[in-house]
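J.: Structure in structure tokens, see below.
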Amino acid sequence: MTGRPTLAVLMGGRSSEHEVSLSSAEAVIAALDAERYDVVPVLIGREGGWSVDGAPVAVVPAADGSALLASLDGGAARPVHAVFPVLHGPNGEDGTVQGLLEAANVPYVGAGVAASAVAMDKAMFKVFLRDAGIPTPTNVVVTAAEWAARPDEVRARVAERVGYPAFSKPARLGSSVGISPVPAPADLDLALELAFRHDPKALVERAIRGREVEVGVLGEDEPFVSPVGEITYDSEWYDYATKYEPGRSRVQVPADLPEPVARRVQELALAAYEAVGCDGLARVDFFVAEDGEVLLSELNTMPGFTPTSVYAKLMEAGGIPYRELVERLVRLALARAEVARRYAG
């Protein structure tokens, strides 16, 4: 390879987190060293089409085993040496785009196909947590078909296994979209109906009284785990508006936690990261219950990625500023691809 490697930054996507992705990608592009990389912004529209400056494109494998960013309207193709998929939610963070990039032989930032799919599917992720002995709030999985056919059985199972108060959420979505608090049995029906508007599989999970904390992980063979941060907010719960409207939530890093509790959070974050087989990065979310028990909630393989996002703040508190963070992620992707090529050969 001569000259600057071409780095395609994917943004947008078909999920309800389209706008969040655009904000994250804009920040990533601004942080990338234009003297080191030929950065190409690739917009994925809400209908799924890919374009560069309005012209349709696709990432395809080349005959020599490399990858091309091919024009679909007769323009010239260009080599693409790596991809930064700054995509959140389904059809971006769930292994689908990762599989396409694998097939096209192009290195990419972040978790692979399997880890992306497992982390996105909260129901599946809970299975991995239980197998690894990692504590998580009690939950039950409900499908839309089951709810339509046997709602009384579902209500009884939720009451018996989870209890109230609880939360209902789509199994494969992020940014608190489709999530509802379920204070009492009478609230379950509407909460599940909202979740099923977004996903045919939902999770009903026990509500935890306590504190919400998060930790960032970076790396592969010997991952770096950030200091623990605590999320605080004035609303009833950490919903979409609270997450993304300025001034609605705050993050304190490091969190004011007893040292053994903070260490437990970091240990469980790393254990979950390794259990799922993550690469590159993740933000891991926890509850610290009133009795001090640490319960893992979710793992996000491509968290919000602006300089003011929680993940970036966690890394900065750990001594890794935003520009360095972006650069390290690209280098990790290129190094992982080199290892994969050696094993393939």
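The values are calculated or read from the model by the stated rules, or taken from the named source; none is laboratory data. The structure displayed is predicted, hence computed values, not measured ones. Glycine gets a Cβ as well: all are built from the backbone with ideal geometry, and neighbour counts include every protein chain shown. With ligands, DNA and RNA removed, areas are computed over all heavy atoms of the protein, side chains included. Shrake-Rupley method; radii C 1.70, N 1.55, O 1.52, S 1.80 Å.
J.: Would you please give the FRET efficiency between Ala62 and Thr308, computed as 1/(1 + (r/R0)^6) with r the Cβ-Cβ distance and R0 = 41 Å, to the nearest 0.05?
T.: Between Ala62 and Thr308 the formula returns 0.60.
J.: Between Asp256 and Asp73, what is the label-to-label distance in nm when each label sits 7 Å out along the Cα-to-Cβ direction?
T.: 5.7 nm
J.: Shifting gears a bit: Compute the signed sum of charges (Lys and Arg +1, Asp and Glu -1) over the other residues within less than 13 Å, Cβ to Cβ, of Leu190.
T.: Around Leu190, the surrounding residues sum to -1.
J.: Using the basic label-point model (7 angstrom from Cα toward the beta carbon), what is the Val52 to Arg263 distance in nanometres?
T.: So the two model labels end up 5.0 nm from each other.
J.: If you take semi-axes √(5λ) of the Cα gyration tensor in Å from the coordinates, which of (i) 30, 26, 19; (ii) 49, 23, 18; (iii) 35, 23, 18 do you get?
T.: Here the calculated entry is (iii).
J.: So what are the ³J(HN,Hα) numbers for the stretch 295-306, from phi and the Karplus equation (6.51, -1.76, 1.60; θ = phi - 60°), rounded to whole Hz, Gly and Pro as x?
T.: For the stretch 295-306, the Karplus-derived couplings read 10, 7, 9, 8, 10, 10, 7, 9, x, x, 10, 7 Hz, x marking Gly and Pro.
J.: Using only Cα atoms, tell me the angle between helix 151-161 and the longest principal axis of the chain; keep it within 0 to 90° and round to the nearest 10.
T.: 80 degrees
J.: From the backbone phi of the stretch 319-331, what are the Karplus-calculated ³J(HN,Hα) couplings (6.51 cos²θ - 1.76 cosθ + 1.60, θ = phi - 60°) in whole Hz, Gly and Pro given as x?
T.: After applying 6.51 cos²θ - 1.76 cosθ + 1.60, I find x, 10, x, 4, 4, 5, 4, 4, 4, 5, 5, 5, 5 Hz.
J.: Show that you can apply the helix-only estimate: for the chain, add -39,500 (n - 2.57) for every DSSP H stretch of four or more residues, divide by all residues, and state [θ] at 222 nm to the nearest 500.
T.: So the helix-based figure for the chain works out to -10500 deg cm²/dmol.
J.: Using a Gaussian network model of the chain whose springs link C-alpha atoms within less than 10 Å, name the residue from Phe305, Phe286, Phe128 with the highest mean-square fluctuation.
T.: Phe128
J.: Further question: Mind pulling the angle between the C-alpha long axis of helix 259-276 and the longest principal axis of the chain? Nearest 10 degrees, somewhere in 0 to 90.
T.: 60 degrees
J.: Taking amide hydrogens as modeled 1.01 Å from N in the peptide plane, which residues meet the under 5 Å criterion relative to Val80, leaving out close sequence neighbours?
T.: Ala67, Leu68, Leu69
J.: When Lys and Arg each count +1 and Asp and Glu each count -1, what net charge do the other residues less than 9 Å away from Arg336, Cβ to Cβ, add up to?
T.: -3
J.: On to the next question. Can you work out the FRET efficiency for the pair Arg331 and Thr138, with r the C-beta to C-beta distance and R0 = 51 Å, to the nearest 0.05?
T.: Calculated transfer efficiency: 0.80.
J.: Starting at the first residue of the stretch 195-200, write each ³J(HN,Hα) from the Karplus equation 6.51 cos²θ - 1.76 cosθ + 1.60 with θ = phi - 60°, in whole Hz, x for Gly and Pro.
T.: Working through the residues one at a time gives 4, 6, 5, 10, 7, x Hz.
J.: Connecting C-alpha atoms closer than 10 Å in a GNM of the chain, tell me which of Ala312, Ala132, Ala123 has the biggest fluctuation.
T.: Ala132
J.: Moving on to the next point. So what does Trp50 come to for accessible area, using a 1.4 Å probe and Å² rounded to 10?
T.: Here the accessible area works out near 40 Å².
J.: I would also like to ask the following. Assuming 0.36 nm per residue, please report the length gained on full extension of the stretch Glu220 to Arg130 beyond their Cα-Cα distance.
T.: 30.1 nm
J.: Hey, rough spin-label estimate for Asp234 and Ala103, points 7 angstrom out along Cα→Cβ, what's it come to in nanometres?
T.: 4.9 nm
J.: Also, I was wondering about something else. Using a 1.4 Å probe on the protein chains only, how many percent of the accessible area of the chain belongs to carbon and sulfur?
T.: Here it works out to 51 percent.
J.: Net charge near Arg36: determine it from the other residues with C-beta under 12 Å of the C-beta of Arg36, scoring Lys and Arg +1 and Asp and Glu -1.
T.: Here the charged neighbours net out to -1.
J.: For helix 122-131, report the angle its Cα long axis makes with the longest principal axis of the Cα atoms of the chain; keep it between 0 and 90° and round to the nearest 10°.
T.: Helix 122-131 and the main axis of the chain meet at about 80 degrees.
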